[in-house]
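Written below as structure tokens is the structure these notes are about.
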């Protein structure tokens with residue numbers, strides 16, 4: 001039996017659990033095939049796919065995995081906020097814009 005499997009499974013479970021926790025109003029699924037680990041995220045009408053190779057999960061430390069999760073969460077939230085701002089600009093009579101006060105770094 002490959003001794004790397006438990007480490008990779010633990011890393012994949014950590015990523016899945018943290019994505020579900022930090023994006024609690026998102027649907028997050030996981031699939032693995034041929035050494036590619038995919039995390040499918042559906043958040044506010046937008047779909048994302050994040051993939052890690054088996055080897056990448058083996059090499060990453062717990063800290064690096066946490067950093068990767070943080071970056072994914074930041075990008076998902078930024079993309080969905082950007083979508084809401086575009087909707088608010090298109091329909092200014094709605095209150096979308098006032099409900100979301102945080103801007104992403106690239107939303108200037």
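The values are calculated or read from the model by the stated rules, or taken from the named source; none is laboratory data. All values reported here derive from a predicted model rather than from experimental measurement. Note: ideal-geometry Cβ built from the backbone for every residue, glycine included; neighbour counts use all protein chains shown.
Scanning the stretch 8-25 for residues that are touching a helix residue (DSSP H, G or I) at 6+ places or on another chain (Cβ under 7 Å) and either at positive phi or part of a helix (DSSP H, G or I) (or both) yields 8, 11, 12, 14, 15, 18, 19, 22.
Within the stretch 49-62, the set of residues being surrounded by fewer than 17 Cβ atoms within 10 Å (Cβ to Cβ) and in contact with a helix residue (DSSP H, G or I) (Cβ under 8 Å, 6 or more places away or on another chain) comprises 58, 62. No other residue among 73, 28 is assigned to a helix (DSSP H, G or I) and either surrounded by 14 or more Cβ atoms within 10 Å (Cβ to Cβ) or touching a residue at least 12 places away in the same chain (Cβ under 8 Å) (or both) apart from 73. Among the criteria (1) modelled with pLDDT of 90 or more; (2) surrounded by fewer than 14 Cβ atoms within 10 Å (Cβ to Cβ), the one residue 46 does not fulfil is (1). When the stretch 31-43 is filtered for residues that are loosely packed, with under 13 Cβ neighbours inside 10 Å and in a strand (DSSP E or B), the ones remaining, listed by number, are 31, 33, 36. Residues of the stretch 5-25 being modelled with pLDDT of 90 or more, closer than 19 Å to residue 75 by Cα and surrounded by fewer than 17 Cβ atoms within 10 Å (Cβ to Cβ), which ones? Across the stretch 5-25, the qualifying residues are 14, 16, 17, 20, 21, 22.
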